[in-house]
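Scroll down for the structure; my scribbles are underneath it.
The values are calculated or read from the model by the stated rules, or taken from the named source; none is laboratory data. Computed from a predicted model, the values in this text were never measured in an experiment. Here the Cβ positions follow ideal geometry from the backbone for every residue, glycine too, while neighbour counts run over all protein chains shown.
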Amino acid sequence: MIKGGSTVLIVDDNPAGREVLADALETEGYSLAFAADGHEALSAAEKVKPDLILLDVMMPVMDGFEMCRRLRGDAGLAEIPVVMVTALDNRSARLEGIQAGADDFISKPFNRLELRARVRTITRLNRYRKLQDEHRRLERAIAELRRTHDATLIGWVKALDLRDKETEGHSERVVRLSVHLGEAVGIAGEDLVHLRRGALLHDVGKLGVPDAVLLKAEKLTEEEWQIMRQHPVYAREWLQRIPYLRRSSDIPYCHPERWDGTGYPQGLAGEQIPWAARMFALVDMWDTIRSDRPYRKGLSMEGAIGQIRAGSGEHFDPQLAGLFLDLLEKDRAFFI
């Protein structure tokens, strides 16, 4: 093989024919591979995956038409462009070549400038097609990886739901509402992906809280509250170690903060609290006060609206609280 750029496989049973084609192309920067018959050419095509095959038609044992048909019948080789180089210059021969799957024809004797121009055009188009195919493969791989990642995250949340039956279904509901609010304010693309993941994992740190504290039916002691308040810290420690979840950690780490600075774990106030965590605090509270618990009934919609209003400027970002309530008024059914 002559080394270079795009790979061109020259197939001709006549050594002189191969030499003429190679001589016309060797100064053009191509990698040239050679085969003397159809069987050898199929083997070479499988090995080097050329960007173009220049294929002589009149060959013994397996002519160019048959070889082209076999290429098109092989899933791994079917997309390789084929230009038939032939002394046959009649309509029936060209029709048979088209039916066999040829992409173009060059008549012998050929013009070198024409040959070079056609080869250049076809190899460029084939490189572009390959780049598109590779891009699509990469997109599919990324989508599959994302599905796998999300399935893992959902598994974590299911584990927490199994542990704390009182909050079962809470994570799914707050994810749905968080995404709805995010889209309403123009969050999209990767930012929306991280918002969704953060909402899904908002309580994942509770996996590190002992059952005696997490599942205690009575009021927690101050010491037990100190243990419970570590769950955002646990979440941040875990998620910061996972590169694709680092941008999603604001909600798990900061959603217990309060606008007035009396929250935890850092006692952040106002706009020190990340936007996503301020927004999620509203969503989390809404679902919590609306949901039934063994020790109390969930609030009515009007009662819950009143509690959100009462917390505006203390617990919640007042601007976001107003936006939340405006969206609720426009689409109450979504908030039920």
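Quick notes on this structure:
Conditions tested, residue by residue: (1) out of contact with any strand residue (DSSP E or B) (no Cβ under 9 Å at 6 or more places or on another chain); (2) surrounded by 15 or more Cβ atoms within 10 Å (Cβ to Cβ).
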| site | (1), (2) |
| --- | --- |
| G263 | yes, yes |
| G270 | yes, no |
| M279 | yes, yes |
| L282 | no, yes |
| M285 | no, yes |
| T288 | yes, yes |
| R296 | yes, no |
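- Test: residue in the range 21-37 that is part of a helix (DSSP H, G or I), free of Cβ contacts under 8 Å to residues at least 40 places away in the same chain and crowded, with 19+ Cβ neighbours inside 10 Å: no
- Considering the range 86-204, the qualifying helices (runs of 4 or more DSSP H), each wholly inside and each with 1 or more residues that are outside the structural domain of E26 (by TED's automatic domain parsing), of a type in the set (G, A, S) and modelled with pLDDT of 75 or more, run over 112-163, 170-184, 189-200.
- Residues (of a type in the set (G, A, S) and at negative phi) located in the range 74-129: A75, G76, A78, A87, S92, A93, G97, A100, A102, S107, A117
- For the range 43-79, filtering for residues that are assigned to a loop (DSSP other than H, G, I, E, B), of a type in the set (V, I, T) and touching a strand residue (DSSP E or B) at 6+ places or on another chain (Cβ under 6 Å) leaves 1.
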